[in-house]
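Report on one structure; see the data block that follows.
Computed from the coordinates by the stated procedures, all read-outs in this text should not be read as laboratory data. Keep in mind that this is a model prediction, so the values were computed, not measured. Neighbour counts are summed over all protein chains in view; Cβ atoms, including those assigned to glycine, are modelled from backbone coordinates with ideal geometry.
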Amino acid sequence: MKPELLITTNGFKATWNAIEYGAWFAESLQMKVTLLGVTEKLDTLPLNDYHPLEDVFERAVSLFKEKGVAYSLEIQNGDAEEVIAKKAQSGNFITAVSPLGRPQIRRWLMGRSLRHFMETISNPILYVPQMRLPLNKLLICVGGLGFEVHAENLALQIALQSHAEVTLLHIVPPVDLNYPTSRVANAHWRDLINTDTVLGRNLRKAVETVEASGLTAHVEVRRGHIVEEIALVLKAGNYDLLCMGSPYGGNALRQLYTPNVTAEIAEAAHCPVLTARFTRV
């Protein structure tokens, strides 16, 4: 069943990025939209008083109509992190979120909202810290073990609509464990795609998937700290969308894309980030 797009806002001005980008995303993929507004202090409003989300919803509805996007509206009261996560888990959604405007002390004490969403939402998340349209350049982080496939397939659908240039990036991290795959990856990281390893085979498969979609795939392999290297590539390449996956497994090797690492990259990115957990077919 085709997913719907859940666009979320608590009225903070930066959440308009999720609404505007989400409208474009839904138009491109012909998705139905649910706009979820969370009022966190509704109980303090006098009866029949002006609702703080009215202006946001009015602008959003105009945008949805302009894009020809089917939509529904929903308002809930409560803590935005909890309300959004619960709604996202209630159906087949891709959830579009932007920074919620939390004060720094709350981020210190409770962590960033994005990390909470990545830990509690099993469906794909589209994080929009700022607008980057049109979509000309797409960066897909390929872990090499197939954990990114779900997110990659979603990203390719949107790349096709935009005729975007696709780059597949794999980072070979420093490893302490001495096992065959790590030895080959470190010794042959420059030509990893040509090796007869799980990493090499999955890189080749990723290229085949992109090219089968009618797009051209560029491959870049680097060696170093995952977060630092991805941040460098993002900055140097001026990409418009970052796509990555996560195994979300407590027993996963540390060089894989765990939710905290994925969140760290997303928080440092200056472009939208599409992430999806690994799902077994």
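With a/c under 1.5 counting as rounded, go ahead and sort segment 4-127 into rounded, prolate or oblate using the C-alpha gyration tensor (a ≥ b ≥ c being the square roots of the eigenvalues; past the cut-off, prolate if a/b is larger than b/c, else oblate). Oblate, since a/c reaches 1.5 and b/c is not below a/b. Cross-link pairs exceeding 25 Å between alpha carbons, from the set Lys67/Lys205; Lys2/Lys86; Lys13/Lys86; Lys41/Lys65: Lys67/Lys205; Lys41/Lys65. Of Asp240, Asp79, the sequence from fewest to most neighbouring Cβ atoms within 10 angstrom is Asp79, Asp240. Each Lys and Arg contributes +1 and each Asp and Glu -1, all at the Cβ; summed about the Cα centre of segment 23-128, the dipole is approximately 400 debye. When each of Tyr21, Tyr127 is scored by the number of other beta-carbon atoms lying within 10 Å, the sequence from fewest to most is Tyr21, Tyr127.
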